[in-house]
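Take a look at the structure set out below.
The values are calculated or read from the model by the stated rules, or taken from the named source; none is laboratory data. As the structure is a prediction and not an experimental result, all values here were calculated from the model. Note that each Cβ is placed from the backbone with ideal geometry, even for glycine, and that neighbours are counted across all protein chains shown.
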Amino acid sequence: MNRRGSSSLTSKLEDEISLMQRHVNMLKSIMENQPIGIIRLSELLNYPQHKVRYSLRILEQEGLIEPSPDGAVTTEKLGSFVGHLKKVLDSTTRTVKELRASL
């Protein structure tokens, strides 16, 4: 069992969901407050600055945000990504429900 009391079988899933949640929270805050910098995002979301930097780097690599002189701003790719993410989450939700029902 790991630090959260779960097995290694489930800990990777929990970690990935937590990371996705942070990235989505950050993306939503950027959408609502753009342009926005690292310090303000850290204060707004109560994440340490190193975690904010990491998420910003991932979001930028995906082409969802870009830096500006005043902070991060969203790109035109955001709309199609949100639609795709919703489909992936719907599919994942169905799979999780099926797994749960099989137990």
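Side notes on the structure shown:
- Test set (1) under 29 Å from THR95 (Cα atoms); (2) modelled with pLDDT of 95 or more; (3) not hydroxyl-bearing (Ser, Thr, Tyr) - MET1 fails condition number: (2)
- When SER18, SER7, SER29 are screened for being without any contact (Cβ under 8 Å) to a residue 24 or more places away in the chain, among the polar types (S, T, N, Q), out of contact with any Ser or Thr (no Cβ under 8 Å at 6 or more places or on another chain) and farther than 22 Å from LYS86 by Cβ, only SER7 passes.
- Within the range 20-43, the set of residues being surrounded by fewer than 16 Cβ atoms within 10 Å (Cβ to Cβ) and charged (D, E, K, R) comprises LYS28, GLU32, ARG40, GLU43.
- Checked against the criterion of being surrounded by 14 or more Cβ atoms within 10 Å (Cβ to Cβ) and not hydroxyl-bearing (Ser, Thr, Tyr), the range 3-19 contains one or more residues that satisfy it.
- Within the range 49-76, being assigned to a helix (DSSP H, G or I), in contact with a Lys or Arg (Cβ under 7 Å, 6 or more places away or on another chain) and under 12 Å from LEU27 (Cβ atoms) holds for one residue alone: SER55.
- Every pair of residues 6+ apart whose Cβ atoms lie under 8 Å, when the first sits in the range 35-60 and is farther than 14 Å from SER18 by Cβ and at pLDDT 95 or above while the second is outside any helix (DSSP H, G or I) and of a type in the set (D, E, K, R): PRO35/ASP70; GLY37/ASP70; GLU60/GLU66
- ILE30 touching a helix residue (DSSP H, G or I) at 6+ places or on another chain (Cβ under 7 Å) and at pLDDT 95 or above: no
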